[in-house]
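*Asks:* One structure is given below, represented as structure tokens, and several questions about it will come after.
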Amino acid sequence: MEDENLDKVCMNRFRSPLDLNHWMMRYYNLAHGNFEPFNVDKMGKYYDFYKMEDSLAEICDAIKTKQRPVLVINDTLDTSDESVFESYKTKVQEAFEVILPDKCSFERN
């Protein structure tokens, strides 16, 4: 990629249709051999509220104990009851507050 194009994209506050996106960068790096394969299962874990086996307690425990560097939490629930989602959200937020008690500058503003 031309350095000029990359610099130009970085200066945009908002995306434009002409920006280079992450998919373009991914394929560029693959084509040029700029990657290292790794086992994603060792790096992170996917949790799903929708699945019964991924319990809320297990998700919160994984957050509090920092089991993996990356956790993906799909918050889709099999219910139209908004209070169920709100209770799940509150529990997950409380788990994050255990490991991240102080707000960052972005959250303070």
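*Asks:* Placing one identical point scatterer on every Cα of region 47-109 and ignoring solvent, what is log10 I(q)/I(0) from the Debye formula at q = 0.13, 0.15, 0.16, 0.21 Å⁻¹?
*Replies:* Calculated log10 I(q)/I(0) at the listed q: -0.39, -0.51, -0.57, -0.90.
*Asks:* So between S83 and Y50, what do we pick up on full extension, going 0.36 nm a residue minus the alpha carbon distance?
*Replies:* Working: separation 33, 0.36 × 33 = 11.88 nm, distance 1.52 nm.
Gain on extension, S83 to Y50, equals 10.4 nm.
*Asks:* What does the charge count around N39 come to, taking other residues whose C-beta lies under 14 Å from its C-beta (Lys +1, Arg +1, Asp -1, Glu -1)?
*Replies:* Details: positive: K42, K45, R68; negative: E36, D41.
Here the charged neighbours net out to +1.
*Asks:* Treating the Cα atoms of the chain as identical point scatterers in vacuum, please give the log10 of the normalised Debye intensity I(q)/I(0) at q = 0.11, 0.12, 0.17, 0.19 Å⁻¹, two decimals.
*Replies:* Evaluating at q = 0.11, 0.12, 0.17, 0.19 Å⁻¹ gives log10 I(q)/I(0) of -0.62, -0.72, -1.00, -1.02.
*Asks:* Dipole of the chain, Cα-centred, from +1 at each Lys and Arg C-beta and -1 at each Asp and Glu C-beta, to the nearest 20 debye?
*Replies:* Working: 14 positive and 21 negative charges, 58 e Å.
Result for the chain is approximately 280 debye, rounded to the nearest 20.
*Asks:* Among C60, V70, A31, whose Cα sits farthest toward the positive end of the charge dipole of region 1-74 (+1 at Cβ of Lys/Arg, -1 at Cβ of Asp/Glu, about the Cα centre)?
*Replies:* Final value for the positive-end residue is C60.
*Asks:* Along the Cα-to-Cβ line of K8, 7 Å from the Cα, sits a label point; which residues in region 16-38 have backbone N less than 14 Å from it?
*Replies:* 16-21
*Asks:* Gain in length, T76 to K42, computed as 0.36 nm per residue apart minus the alpha-carbon separation, to one decimal in nm?
*Replies:* Values: separation 34, 0.36 × 34 = 12.24 nm, distance 2.43 nm.
Gain on extension, T76 to K42, equals 9.8 nm.
*Asks:* Name the residues whose placed amide hydrogens come within less than 5 Å of the amide hydrogen of Y47, ignoring near sequence neighbours (fewer than 5 apart) on the same chain.
*Replies:* V72, I73, N74
Each value in this text was obtained by applying a stated rule to the coordinates, not by laboratory testing. None of the values given here were measured: they were computed from a predicted structure. Using ideal geometry, Cβ is built from the backbone for each residue, glycine included, and neighbour counts are taken over all protein chains shown.
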